[in-house]
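Let me begin by presenting the structure, written as C-alpha cells, before commenting on it.
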Amino acid sequence: MRQATAAARSCGVDVLAVLAEADGPVPSSRIAALTGRDRGLTARGIGDLARLGLVDGDPAAGAALSWSLRAQAGRVVEQRLVGRGQTVLDELARGCRESAYLVRREGARSVTLAESLPDLPVHGGSWLGRSQPAIRSDAAPLLLSDLDAASLAAIFAGRGTEPVQPGEPRTLAALERLIAQARIDGHCALVDYVERGTMSIAAGVWDFRERLVGAVVLMGPRDRMRPRATRLTRAVRAAADGLSGELGGRPPAGGGA
Amino acid sequence: MTPPRTTLGRRLEMAACVLDHEARTGRGLGVVAVAERIGREKTQVSRGLATLAEVGLVERLADGAGFATGPGLLGLAAGAGDARLVAAAWPRLESLTIRFGERAELAVLDAGEVLTIESTASASTIQIAGWPGRRLPVHCTAAGQALLADAPADVVAGALGAGRLPPGGPAAPRSAVEARRRLAAARRAGYAISDEELDAEVVSVAAPVRVDGRTRAAIALTGPGYRFRAGAAEAGRALVAAADAIAEALAGP
C-alpha cells in the first residue's frame, strides 16, 4: 500500500485501501498492522463503518467493503449518466455543429437518453426517448460489443423487418467484423447506416465497474461530416471519455485511446 | 443510528451521507444539509468535506451546488461486495434479458432485506421498476425466497420471525408458517416464483447462486403478469442454468 498523506489518513483512505486491495474480509488487527493504527481504535472505526453501511462483517471476524457501497455507486452512475451526459452533449453539439445523442442498450433495443440538437436548418432530428432494435442504432458496434455470441446471434436474428440501409451489415459475420473493429478503435464511424445520406460517429461510455453503460453519438448529413471526420472523431472520443471519467470509468486499454 | 465513535467514522459519515443522497436523488448536498442530516456543526462539516474532497472521496460541484460522490469512492466501490461474482453474473443477466425481454437482477441478502446489486433494463414499454441499491422484503419476493430457501434455520428465523409478516402484495404470505411452505416449494423446484406477492401484477422468478454449498446471491427475472406469467416456469429453468454457470465460473481459480 502506498504511503498515505495526512489528509488521506485522517479520512481513513488507508483503511479503505487495505479493504479494497484484499481478496476477502480482513480482521481489524490486520488492518491496524498494515496501516500502523492503534488496534482498539481501528476495531471501533471498523464498527463505525459497518454501521454506516460502508463495510460488511465485523472487526474480529473480518471486514470487507460492502455490497451496499457497490449498489449505491451503481445507482449514482444511473443518475449521473443523463444529468452530466446532457452537459457533455451540449458542449459536443455546440463545438461540432451537429446533433449529439447519448444512447444505451436495454436488452435487444437501444434507447436515446439525452440529445442536443444544433440550431441549423439541416441536422439530425430528435430521437429523445425513442427505442429501436439495438442493431439499427448508429452506435450498434459499440452497444453490442459486450454481448456473448449467443445473445448477438439472437439479436441479429430478431432485427426486424424494416428496410435494410446501404451501410447495414447483411450477415452476422459482417456485424461481428464491425464490432471487432469498434473494440480495436474504441469508437465507430458509420456511413449510410441508420439512413442513406447520414454519417455517425460514436464512442463508448464506461463506468467504475469497467462496464459499457452507453455511447455518445454525433450524427448528421454524410457530406457535411465526412470531410471533418478526423476532428469530429477526436471530439466524440473526448466527450465520451470525459463522461466516463464522471462515472469513475475509462475506456479499456487498447481501445484506440 | 448510533453516532460514530471514532474520527474515522465521523469523517466517513459525511462521505456516506453524500453518497446516499446522490444515489437517491441524483443531486449533490451542501454543507448545511450534511450538517443537519448527521447532527454536527457546520464548521466541522465544512472542514471535513474539504478534506474528503482533497482525497477524492467527495467532489465539490461547480456553482456552489455542494458536494457529490468523489472518484475515489467510486473507485473503492469497484472492489466492494464480490467483484468476481458480479463479473460472472452480469453477462448472464444480459442474456436473460435479451431472451425473455424482462428486467434481470442480481441480489444479495443484506441486513435482513433483499438488496439489488445489478439490474438490467427491459426495453418494453411496460416494465417493472428496479435499480441497484433497491431494498425489498425477503418474504414476498422471489429473490428473497431463493436466498432463504437453503439458508440455515437461524437465518430463516431471523428474516421471517415467528408471527404475522408485514403486508405485501395481494398474494403475499401472511405468516412465517406460510412463508416457510413457500421456501420449501422453492427448494423442491430449484427456483422461486413470486406471483403478486410483492405487488399486484408483478411476477418474479429467482434462482439461488450456490457456491461451495452456500447461497451467495440470487438472480431474478421480473415482469408484468400479463406478459411474463405464462413463461415463468421456463424462466425458472433458464435462471437455474444461469445460476449454475455463475457458480461454475466462481469455482475456478
Trypsin sites (Lys or Arg not before Pro) within segment A:196-247: DSSP coil, no more than 12 neighbouring Cβ in 10 Å:
A:Arg196
Under the rule of -39500 (n - 2.57) per DSSP H run of 4 or more residues, summed and divided by the residues of the protein assembly as shown, what mean residue ellipticity at 222 nm is obtained, to the nearest 500 deg cm²/dmol?
-14000 deg cm²/dmol
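So what is Rg over Rh here for the protein assembly as shown, counting just Cα atoms and using Kirkwood for Rh?
Result for the protein assembly as shown is an Rg/Rh of 0.99.
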Sparse-neighbour loop sites [GluC sites (Glu not before Pro); segment B:14-78; at most 13 other C-beta within 10 Å; DSSP]
B:Glu41
Over the Cα atoms of chain B, what radius of gyration and what Dmax do you get, in Å?
20.4, 59
Among residues other than A:Ala64 whose Cβ falls under 10 Å from its Cβ, what is the net charge (Lys/Arg +1, Asp/Glu -1)?
-3
Extent of segment B:121-253 along each principal axis, from alpha carbon coordinates, in Å, largest to smallest?
44, 40, 28
For the protein assembly as shown, build the charge dipole from Cβ charges (+1 Lys, Arg; -1 Asp, Glu) around the Cα centre, then report which of B:Gly213, A:Gly53, A:Ile184 sits farthest towards its positive end.
A:Gly53
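Report the far tail of the P(r) of segment A:58-165, meaning the percent of Cα-Cα pairs longer than 17 Å.
Details: 3806 of 5778 pairs.
Taking all Cα-Cα pairs of segment A:58-165, the fraction more than 17 Å apart is 66 percent.
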For segment A:71-246 the translational diffusion coefficient, Stokes-Einstein from a Kirkwood Rh over Cα pairs at 10 °C and viscosity 1.306 mPa s, in µm²/s, is roughly 99
So if I place +1 on the C-beta of Lys and Arg and -1 on the C-beta of Asp and Glu, and nothing else carries charge, what would the dipole magnitude of segment B:83-251 be about its Cα centre? I want it in debye, nearest 20.
240
Beyond 13 Å, what share of the Cα-Cα pairs of segment A:6-65 remains, rounded to the nearest whole percent?
53
Principal axis box of segment B:7-77, alpha-carbon based, largest edge first, Å:
28, 26, 20
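Could you work out the local net charge near B:Ala179, counting Lys and Arg as +1, Asp and Glu as -1, over the other residues with Cβ closer than 11 Å to its Cβ?
Details: positive: B:Arg164, B:Arg174, B:Arg180, B:Arg181, B:Arg182; negative: B:Glu178, B:Glu197.
Residues close to B:Ala179 contribute a combined charge of +3.
Dipole size in debye (nearest 20) for segment A:186-241 around its Cα centre, Lys and Arg Cβ +1, Asp and Glu Cβ -1?
Details: 10 positive and 6 negative charges, 47 e Å.
For this selection, approximately 220 debye.
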Charge dipole of segment B:7-77 built from unit charges on the beta carbon (Lys, Arg +1; Asp, Glu -1), centred at mean Cα; most positive-end Cα among B:Leu74, B:Thr25, B:Gly48 is B:Gly48
How large is Rg/Rh for segment B:1-131, to two decimals, with Cα atoms and a Kirkwood Rh?
1.06
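I want the local charge near A:Val15. Using Cβ-Cβ distances under 13 Å, sum +1 for each Lys or Arg and -1 for each Asp or Glu among the other residues. Can you show the working numbers first?
Details: positive: A:Arg9, A:Arg30, A:Arg37, A:Arg39, A:Arg44, B:Arg11; negative: A:Asp14, A:Glu21, A:Asp38, A:Asp48.
Cβ neighbours under 13 Å give a net charge of +2.
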Mind putting a number on the dipole of chain A about its Cα centre? Charges go on the C-beta only, +1 for Lys and Arg and -1 for Asp and Glu, and I need it in Debye to the nearest 20.
300
For helix B:176-189, what angle does its Cα long axis make with the longest principal axis of chain B, in degrees from 0 to 90 and rounded to 10?
70
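Since every read-out is calculated from the coordinates, none of them should be taken as a lab result. The structure presented is a predicted model; accordingly, all values stated were derived computationally and were not measured. Positions of Cβ are generated from backbone atoms using ideal geometry, with glycine treated the same way; all protein chains shown enter the neighbour counts.
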